[in-house]
1. If R0 is 22 Å, what FRET efficiency do you get for Asn66 and Glu10 from their C-beta distance, rounded to 0.05?
2. For segment 1-87, place one equal point scatterer on every Cα, skip the solvent, and apply the Debye formula. What is log10 of I(q)/I(0) at q = 0.24 Å⁻¹?
3. Determine one quarter of the surface area of the Cα convex hull of segment 110-151, which equals its mean projected area, and express it in nm² to one decimal.
4. Given N residues in the chain, what is Rg(Cα) / (2.2 N^0.38 Å)?
5. Measuring from label point to label point, each 7 Å out along Cα→Cβ, what is the Lys132 to Lys102 span in nm?
6. In terms of modelled amide H atoms, which long-range or inter-chain residues lie less than 5 Å from the amide H of Ala12?
7. Applying a 10 Å radius around every beta-carbon, put 137-147, 51-61 in order of their mean neighbour count, most first.
8. Using a basic spin-label model with each label point 7 Å from the Cα along Cα→Cβ, how many nm lie between Asn84 and Thr123?
Amino acid sequence: MESDEEENPEMAYCEIIDTEIPRDHPYFMYDAEIKLAEAEMGLSIGEGVRLQATRELLDMLDTLYNLIKDPDSKLPDVQRKALNHADEVWLDLKEKMSQGDKRSAHLLSSHAHITLAISYLITMRKDEKFSKFIPDYLIKYLGKLSTFVYREAIGHVML
């Protein structure tokens with residue numbers, strides 16, 4: 001029986017590669033950022049505005065999040081095509097934020113968490129144990145979804 005003294009508190013189990021890795025590994029950072037993005041979307045849904053559109057964003061994020069664990073988890077064609085038309089544009093959020101728009105603030109936070117999650121995915125790809133689990137598709141569509149969420153936050157409606 002392993003005692004508490006023998007267990008390394010700096011390590012945690014990673015189901016993707018079925019082994020323990022350091023808790024500060026980019027995988028855990030990616031996982032946490034996606035969960036924070038989903039939580040912010042949930043708070044945005046709680047504001048009761050454009051519920052269907054926001055739930056669709058949450059559904060897309062969840063589908064992409066599951067892609068690492070389930071490579072067959074792909075976006076439906078309608079959602080994928082919509083994301084393919086999401087070009088990055090610069091939009092000023094200052095007006096929305098100065099009005100205290102909670103939905104916009106939650107969506108902006110979700111966008112930021114998705115952006116951080118993408119950076120952790122790119123870092124993970126450099127680790128040979130993880131590289132095969134992170135397809136271009138995942139990075140591409142998380143990036144496009146991030147743009148969608150940003151546009152939804154400002155009211156530049158895409159869905």
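Any read-out appearing in this document is the output of simple, stated calculations on the displayed coordinates, not a laboratory observation. No experiment lies behind these values; they were computed from the predicted model shown. FYI the Cβ positions are ideal-geometry reconstructions off the backbone, even for glycines, and counts take in every protein chain you see.
1. Numbers: r = 27 Å, r/R0 = 1.24.
After rounding, the FRET efficiency stands at 0.20.
2. -1.21
3. For segment 110-151, the mean projected area of the Cα convex hull comes to 2.6 nm².
4. In units of the globular-protein estimate, the chain measures up at 1.15.
5. Placing both labels 7 Å along Cα→Cβ, they lie 4.7 nm apart.
6. Here Ile21, Arg23 satisfy the definition.
7. Numbers: 137-147: 19.8, 51-61: 18.1.
Answer by packing, highest mean first, reads 137-147, 51-61.
8. Between Asn84 and Thr123, the label points sit 3.3 nm apart.
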